[in-house]
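Report on one structure; see the data block that follows.
The values are calculated or read from the model by the stated rules, or taken from the named source; none is laboratory data. The model shown is predicted, which means the values in this text are computed figures rather than measured ones. Don't worry about glycine lacking a Cβ; one is built from the backbone with ideal geometry, like all the others, and counts go over all protein chains shown.
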Amino acid sequence: MIYIGADHRGFEFKEKIKTWLTENEFDYEDVGAFELNLDDSFVDFAELVAEKIVNFDDRGIIICGSGVGVDVVANRHENVRSGLAIDVDQIRSAREDDDINILALAADHTPEVEILDIVSTFLNTDFSSEEKYHDRVSQLNTIHD
């Protein structure tokens, strides 16, 4: 399952991503914001998405203005490996090498024409089968213990 959430600054991108997810037959759950509210907080939506990541193949997409705020919130949760998107190549590497399970997007700094390519890369790139990467992710998972 894919969980998606955004504050007011990421709201428009979230709606475009949802349309793309539907067109490409991905199952997803929108955790909000459900309307444009300039007083909402990125913390709430990043928290809701991060709490949903419980199964191996769950994925999350979180969006705020800088992307940094939602990324920080998500990475405070056990077994979450959130990565802030810079471009398609970086996200491909983050999925293959680090097995990120949440994609953080910067609505104010990511060109609109790149958003769907980044999302597609995040959702369609598999984690590497190389043992060294699995060992590193195992190390990451012990940090919260």
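Observations, loosely collected:
- Here ARG136 meets each of (1) outside any loop (DSSP other than H, G, I, E, B); (2) under 21 Å from ILE2 (Cβ atoms) with one exception, condition (2).
- If you filter the stretch 1-25 down to residues that are hydrophobic (A, V, I, L, M, F, W, C) and within 25 Å of GLU78 (Cα to Cα), you find that the one that is surrounded by the most Cβ atoms within 10 Å (Cβ to Cβ) is ALA6.
- Among the candidates LEU38, LEU21, LEU48, residue that is in contact with a Phe, Trp or Tyr (Cβ under 7 Å, 6 or more places away or on another chain) and not hydroxyl-bearing (Ser, Thr, Tyr): LEU21
- Top-ranked residue of the stretch 55-95 - restricted to ones that are surrounded by fewer than 20 Cβ atoms within 10 Å (Cβ to Cβ) and touching a Leu at 6+ places or on another chain (Cβ under 8 Å), ranked as farthest from LYS14 (Cα to Cα): ARG81
- Hits in the stretch 109-121 - residues which are farther than 16 Å from VAL49 by Cα and either over 16 Å from the mean Cα position of the chain (by Cα) or in a helix (DSSP H, G or I) (or both): PRO111, GLU112, VAL113, GLU114, ILE115, LEU116, ASP117, ILE118, SER120, THR121
- Of all residues making up the stretch 25-77, the number that are assigned to a strand (DSSP E or B) and aliphatic (A, V, I, L, M): 4
- Applying the condition of being touching a residue at least 12 places away in the same chain (Cβ under 8 Å) and over 18 Å from SER66 (Cβ atoms) to the stretch 96-118 and asking which residue is surrounded by the fewest Cβ atoms within 10 Å (Cβ to Cβ) yields ASP117.
- If the condition is being more than 25 Å from ILE63 (Cβ to Cβ) and small (Gly, Ala, Ser), then the stretch 98-145 contributes SER128, SER129, SER138.
- Hey, SER93 assigned to a helix (DSSP H, G or I), of a type in the set (S, T, N, Q) and without any contact (Cβ under 8 Å) to a residue 40 or more places away in the chain or not: yes
- For the stretch 35-52, the condition holds for at least one residue, the condition being that it is surrounded by fewer than 22 Cβ atoms within 10 Å (Cβ to Cβ) and under 25 Å from ASP97 (Cβ atoms).
- A single entry from ASP99, ASP57 fulfils the requirement of being acidic (Asp, Glu), out of contact with any helix residue (DSSP H, G or I) (no Cβ under 8 Å at 6 or more places or on another chain), within 27 Å of ASN141 (Cβ to Cβ) and modelled with pLDDT under 95: ASP57.
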